[in-house]
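Report on the following structure.
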């Protein structure tokens, strides 16, 4: 393909990324390093600060909210369980919104919308958790993660202190993110990488692989050229980025296992319908 | 199709506001 076409594709995907994803890496890094004019994020580091920070988190979408038990007379452990579940539900609401954002981004990839509709569904079903996992990386550092559009910083130690299996949910993402962030990709690189992930021709059940592989090939060329231009001093960056796709699949497999455990162990758990659709029969 | 009706809906709607 012509270099000009590849550059134009990179520009198009970057613009779509900026349009569809509200918290960019540039903004997240500014918040994490304190280089922003906005207020510093509210820090959640224990149960007390979680309760205080709850008002910042959008947690009104799930019917479970209306079913909170009366707190009077409940023991501290019971209260803690409720807070953890409420937090989990608000995470689910945000994840469902994020799936919608990723869908809009996918639709903006040239050629995606003319693929067989069933294949579009399959690409999203298998790609979206990988995409969301990779998009967490810019929000994280070794000590914690931004949540709620960057308004809150939740510490890694606090997430590790939650009861099992909640406590197992985020640690692999921190381990992945700390390594991934060392590649120092920016938002324009991320936009192309996300498109490459979405256009994976080896997802189970695809009906027509060839056009998907052709689209991915083109985006891969664009990513390779873009990384060479954008990071002229970073040797083998293209290969290093592609290697991360293997780690991502392991990350998703682990995530699905934790959700399975949660479904078995938490009677109060109600999984968001959109996330249920994605998780059903996945791996 | 029934199994993934929300994903279908998200894909077929031209803009993002979908009742999630």
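Readers should treat all values here as calculations from the given coordinates under stated rules, not as data from a laboratory. Only a predicted model underlies this, so the values are computations on that prediction, with no experimental measurement involved. Here the Cβ is made from the backbone with ideal geometry for all residues, glycine too, and neighbour counts use every protein chain on show.
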- Message: Compute the angle between helix A:76-107 and the longest alpha-carbon principal axis of chain A, please, reported from 0 to 90 degrees and rounded to the nearest 10.
- Response: 20
- Message: For the range A:229-283 and the range A:69-122, what is the centre-to-centre distance using only Cα atoms, to the nearest Å?
- Response: 13
- Note on the structure: So for R0 = 41 Å, FRET eff. of residue A:11-residue A:276 from the Cβ-Cβ r, to 0.05, ends up at 0.65
- Item | Cβ-derived FRET efficiency at R0 45 Å, residue A:114 paired with residue A:261, nearest 0.05 | 0.70
- Task: Please say if the range A:98-202 is rounded, prolate or oblate, where rounded means a/c under 1.5 for a ≥ b ≥ c the square roots of the C-alpha gyration tensor eigenvalues, and otherwise the choice is prolate for a/b larger than b/c and oblate otherwise?
- Result: prolate
- Shielding score for A:92-102, defined as the mean number of other chain Cβ atoms within 10 Å: 2
- Item | Selected from A:79, A:237, A:271 as most flexible by GNM, with chain A as the system and alpha-carbon contacts under 10 Å | A:79
- Message: What is the angle, in °, between the Cα long axis of helix A:187-198 and the longest principal axis of the Cα atoms in chain A? Nearest 10 is fine, range 0 to 90.
- Response: 90
- Message: At 37 °C and a viscosity of 0.692 mPa s, what translational diffusion coefficient does Stokes-Einstein give for the range A:219-283, taking Rh as the Kirkwood radius over Cα pairs? Give it in µm²/s as a whole number.
- Response: 222
- Query: Could you put A:255, A:236 in order, starting from the residue whose Cβ has the fewest other Cβ atoms within 10 Å?
  - Reply: A:236, A:255
- Item | Residues residue A:207 and residue A:142, FRET efficiency given R0 of 30 Å [Cβ-Cβ distance, rounded to 0.05] | 0.10
- Message: Can you give me the angle between helix A:3-20 and the longest principal axis of chain A, using Cα atoms only, in degrees from 0 to 90, rounded to the nearest 10?
- Response: 20
- What distance in nm separates the simple spin-label points at residue A:37 and residue A:161, each placed 7 Å from Cα in the Cβ direction? 3.6
